[in-house]
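Okay, so here's the structure we're looking at.
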Amino acid sequence: MQGKRITPKPGKVYRNKGGGEFLCLESFDGSAVMQNTASRWTFEAHGITQYEDGTLEWDYSDVVK
């Protein structure tokens, strides 16, 4: 399955390719502040790819600054 780099839209919930749903709180230049809808874990995701089925994955994440 082929994917493309995106900048997620704030307020939208995305499914992660590996599982879980994540709410985009803020986005900027291919990165985003995302929050797991179940645990409320919040982080910055970088290098976000969206696949044809709508799922996302990212290159790496780090603590929200």
(request) Within the set of other residues whose C-beta is less than 15 Å from the C-beta of Phe43, count the net charge using Lys and Arg as +1 and Asp and Glu as -1. (result) -4
(message) I want the local charge near Lys9. Using Cβ-Cβ distances under 15 Å, sum +1 for each Lys or Arg and -1 for each Asp or Glu among the other residues.
(response) +1
(message) Run through the chain and list the chymotrypsin sites (Phe, Trp or Tyr not before Pro) located in a DSSP loop whose Cβ has at most 15 other Cβ atoms within 10 Å.
(response) Trp41
(request) Give me the net charge of Gly30's neighbourhood, meaning all other residues with Cβ under 14 Å from the Cβ of Gly30; Lys, Arg count +1, Asp, Glu -1. (result) -2
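FYI, it's all coordinate maths here, none of it is from the lab. No experiment lies behind these values; they were computed from the predicted model shown. We place every Cβ from the backbone using ideal geometry, glycine too, and count neighbours over all the protein chains shown.
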